[in-house]
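Asks: Please see the structure below; I have some questions.
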Amino acid sequence: MARAAVEKKKYTYEDYLETPEDKRYELIEGELLMTPSPVTLHQRISGKLGFELTRFVVENDLGEVFDAPYDVYLDDENVVQPDILFISRERLDIISEKNVQGAPDLIIEIISENSAYRDMVQKRRLYEKFGVKEYWIVIPKEGLVEIYTLKDNLFQPYKAFHKDTVLESPYLKDLKIPLQGIF
């Protein structure tokens, strides 16, 4: 007699809202995933990168920058908390009282030991699928930022910036961040 396949429960946004407030969760393709608290190096990089991005966005009146924990609702089975995100002035209407309703223009994820697969594979696919225009993957231990841009609904590698170079964003023209001060 053949064994019946065990079906994994698909979680929804409603289930996500029931998670304990003292822990961080993300919902990716209906799978509820707990996110451990980031380590010190991660937080240092996030703070410095977020500061540089925010300063540029505010000085040029380009939109808004947010950092985690902050929910980005993509659909009923996908709710993520990117480390840093940017929403252009033209799209500020996707910001609601509780969260962001739709894909930000730019997302930055800082890799940690526990998040490498999630950030580099699962979230990358998700951000591609929902139309994020630019995705930065920050790899602290290598002092590296990889930038991907969306072209024909697929992320294309734009450029990798090392800690001794100046990061330039193809989406945010004129943004220049010396990475030596970030790492």
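Here, each number is a calculation from the coordinates, and none is a lab measurement. Here the structure is a predicted model, which means the values were calculated and not measured. FYI the Cβ positions are ideal-geometry reconstructions off the backbone, even for glycines, and counts take in every protein chain you see.
Asks: Tell me, what is the percent relative contact order of the chain, built from C-alpha pairs under 8 Å that lie six or more residues apart? Intermediate results must be reported in sequence, preceding the final value.
Replies: Details: 325 pairs, mean separation 26.7, N = 183.
After rounding, I find 15 percent.
Asks: Okay, moving on. For the stretch 37-181, give the share of DSSP beta bridges that are antiparallel, in percent and rounded to the nearest 5; count only bridges with both residues there.
Replies: 80
Asks: For Asp76 paired with Ala160, estimate the spin-label separation in nm (one decimal), with each label point 7 Å from Cα along the Cα-to-Cβ line.
Replies: For Asp76 paired with Ala160, the spin-label model returns 4.1 nm.
Asks: For the pair Arg55 and Met34, what calculated FRET efficiency results from E = 1/(1 + (r/R0)^6), where r is the Cβ-Cβ distance and R0 = 25 Å, to the nearest 0.05?
Replies: Approximately 0.15, to the nearest 0.05.
Asks: Something else: Give me the dipole magnitude in Debye, nearest 20, for the stretch 77-136 about the Cα centre, with unit charges on the beta carbon: positive for Lys and Arg, negative for Asp and Glu.
Replies: 140
Asks: Rank the residues Tyr25, Tyr117 as a footprinting-exposure proxy: fewest other Cβ atoms within 10 Å of their Cβ go first.
Replies: Tyr117, Tyr25
Asks: Which cross-chain or sequence-distant (5 or more) residues have an amide H under 5 Å from the amide H of Gly143, H modelled 1.01 Å from N in plane?
Replies: Under 5 Å from the amide H of Gly143 lies no amide H from a residue far enough along the sequence or on another chain.
Asks: In debye, nearest 20, what is the charge dipole magnitude of the stretch 1-72 about its Cα centre with +1 on Lys and Arg Cβ and -1 on Asp and Glu Cβ, if you could check?
Replies: 460
Asks: Rounding to the nearest 10 and keeping the result within 0 to 90°, find how far the Cα-based axis of helix 40-59 lies from the longest principal axis of the chain.
Replies: 60
Asks: Another question, if that's okay. Between rounded, prolate and oblate, where does the stretch 37-181 land on the alpha carbon gyration tensor, with a ≥ b ≥ c its root eigenvalues, rounded for a/c under 1.5, else prolate if a/b exceeds b/c? Could you put the intermediate results ahead of the total?
Replies: Working: a/c = 1.33, a/b = 1.17, b/c = 1.14.
Cα axes put the stretch 37-181 in the rounded bin.
Asks: Please report, in debye to the nearest 20, how large the charge dipole of the stretch 1-124 is about its Cα centre when each Lys and Arg carries +1 at its beta carbon and each Asp and Glu carries -1 there.
Replies: 480
Asks: Further question: Taking amide hydrogens as modeled 1.01 Å from N in the peptide plane, which residues meet the under 5 Å criterion relative to Tyr25, leaving out close sequence neighbours?
Replies: Thr35
Asks: Towards the positive end of the charge dipole of the chain, with charges on Cβ (+1 Lys, Arg; -1 Asp, Glu), say which of Val132, Val166, Val39 has the farthest Cα.
Replies: Among Val132, Val166, Val39, the one farthest towards the positive end of the dipole of the chain is Val166.
Asks: Fewest Cβ neighbours within 10 Å first, please rank Lys129, Lys123, Lys23 accordingly. All intermediate terms of the calculation are to be shown ahead of the outcome.
Replies: Numbers: Lys129 15, Lys123 22, Lys23 10.
In order of increasing Cβ crowding within 10 Å: Lys23, Lys129, Lys123.
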